[in-house]
Ligand SMILES: [Zn+2]
């Protein structure tokens, strides 16, 4: 992973005041099947994932209200009916990943599953965020189910094509920041998939943060936990996907997939560990700087 592009992203991932929306956040890209029953239906930079089962679909993330028609159009383009979205999931309740949830929930009647802390943030439409205040607001949306750590959400039961997504609470970037994993089949192979969360701390006050006093402990516990998930001695995620296209080289891999080849370019077992290590180091560096400004 290129350091430079990640640094740039750390800046881009800030929901800016007055919302100067980077062009790439709304730039359309051709929707496509990533692996197994997972499809990409987001924009050039902001991810949205459709996971198809015989009993309806999961939609993970609805980036920006402005993108809702584009996302639903992408789903139709792939030959699926957006009305069959049964479950709405979210990586974290910032506008660039949750801004379209209210509109999609209203159109589909899907049930929204959120962690407790991000359900509170989503219910306020992103207002009173511990870092951004009211600067990155979006249409408020109410969760139907509050997720517990380690909870699985299943569609299609245990029948062929049935799929479970598992939620891991990985707070820091938001208080209810959530990592999702699932398994997909490609022919006779099975892959562990991680939908990695945003791990940046864009402009965050890390030292003595009165509106999020446990922020440092939360980030460190999250890095530890994701580090274990990426431990080569354990079942390591084979397919690394994430919230922002440039976190996982979306454009390059999508082009490689289109070009065809023997191995799916999204199968890349080392990248998740590199991603976690990169942000862990960036976090510790920022913290050190804030505690000991030179
Ligand atoms: Zn965010």
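The values are calculated or read from the model by the stated rules, or taken from the named source; none is laboratory data. Given the structure is predicted, the values throughout are model-derived calculations rather than measurements. Note that each Cβ is placed from the backbone with ideal geometry, even for glycine, and that neighbours are counted across all protein chains shown.
Determine, yes or no, whether residue 272 is farther than 25 Å from residue 26 by Cα, in contact (Cβ under 8 Å) with a residue 40 or more places away in the chain and surrounded by 15 or more Cβ atoms within 10 Å (Cβ to Cβ). Even if it seems obvious, please write down each step before you answer.
Working: farther than 25 Å from residue 26 by Cα: yes; in contact (Cβ under 8 Å) with a residue 40 or more places away in the chain: yes; surrounded by 15 or more Cβ atoms within 10 Å (Cβ to Cβ): yes.
Considered against the rule, which asks whether it is farther than 25 Å from residue 26 by Cα, in contact (Cβ under 8 Å) with a residue 40 or more places away in the chain and surrounded by 15 or more Cβ atoms within 10 Å (Cβ to Cβ), residue 272 comes out as yes.
Could you please let me know if residue 199 is surrounded by 23 or more Cβ atoms within 10 Å (Cβ to Cβ), part of a helix (DSSP H, G or I) and touching a helix residue (DSSP H, G or I) at 6+ places or on another chain (Cβ under 6 Å)? Walk me through it before giving the result.
On the way: surrounded by 23 or more Cβ atoms within 10 Å (Cβ to Cβ): yes; part of a helix (DSSP H, G or I): no; touching a helix residue (DSSP H, G or I) at 6+ places or on another chain (Cβ under 6 Å): yes.
It is false that residue 199 is surrounded by 23 or more Cβ atoms within 10 Å (Cβ to Cβ), part of a helix (DSSP H, G or I) and touching a helix residue (DSSP H, G or I) at 6+ places or on another chain (Cβ under 6 Å).
Could you tell me whether residue 96 is on the phi > 0 side of the Ramachandran plot and buried (at least 19 other Cβ atoms within 10 Å of the Cβ)?
Details: on the phi > 0 side of the Ramachandran plot: no; buried (at least 19 other Cβ atoms within 10 Å of the Cβ): yes.
In short, no.
Is it the case, given these coordinates, that residue 126 is assigned to a loop (DSSP other than H, G, I, E, B), on the phi > 0 side of the Ramachandran plot and touching a helix residue (DSSP H, G or I) at 6+ places or on another chain (Cβ under 9 Å)?
Numbers: assigned to a loop (DSSP other than H, G, I, E, B): yes; on the phi > 0 side of the Ramachandran plot: yes; touching a helix residue (DSSP H, G or I) at 6+ places or on another chain (Cβ under 9 Å): yes.
Yes.
Go through 204, 138, 212, 168 for me and flag whichever is touching a residue at least 24 places away in the same chain (Cβ under 8 Å), surrounded by 22 or more Cβ atoms within 10 Å (Cβ to Cβ) and either at negative phi or in a loop (DSSP other than H, G, I, E, B) (or both). Break it down stepwise before answering.
Values: 204 fails: surrounded by 22 or more Cβ atoms within 10 Å (Cβ to Cβ); 212 fails: surrounded by 22 or more Cβ atoms within 10 Å (Cβ to Cβ); 168 fails: surrounded by 22 or more Cβ atoms within 10 Å (Cβ to Cβ).
Of 204, 138, 212, 168, the one residue that is touching a residue at least 24 places away in the same chain (Cβ under 8 Å), surrounded by 22 or more Cβ atoms within 10 Å (Cβ to Cβ) and either at negative phi or in a loop (DSSP other than H, G, I, E, B) (or both) is 138.
Answer yes or no as to whether residue 161 is within 16 Å of the ligand (Cβ to nearest atom), assigned to a loop (DSSP other than H, G, I, E, B) and at pLDDT below 95.
Against the criterion (within 16 Å of the ligand (Cβ to nearest atom), assigned to a loop (DSSP other than H, G, I, E, B) and at pLDDT below 95), residue 161 does not qualify.
Okay, residues lined up against (1) in contact with a helix residue (DSSP H, G or I) (Cβ under 8 Å, 6 or more places away or on another chain); (2) surrounded by 21 or more Cβ atoms within 10 Å (Cβ to Cβ):
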| site | (1), (2) |
| --- | --- |
| 35 | no, no |
| 38 | no, yes |
| 62 | yes, yes |
| 66 | no, no |
| 78 | no, no |
| 112 | yes, yes |
| 116 | no, no |
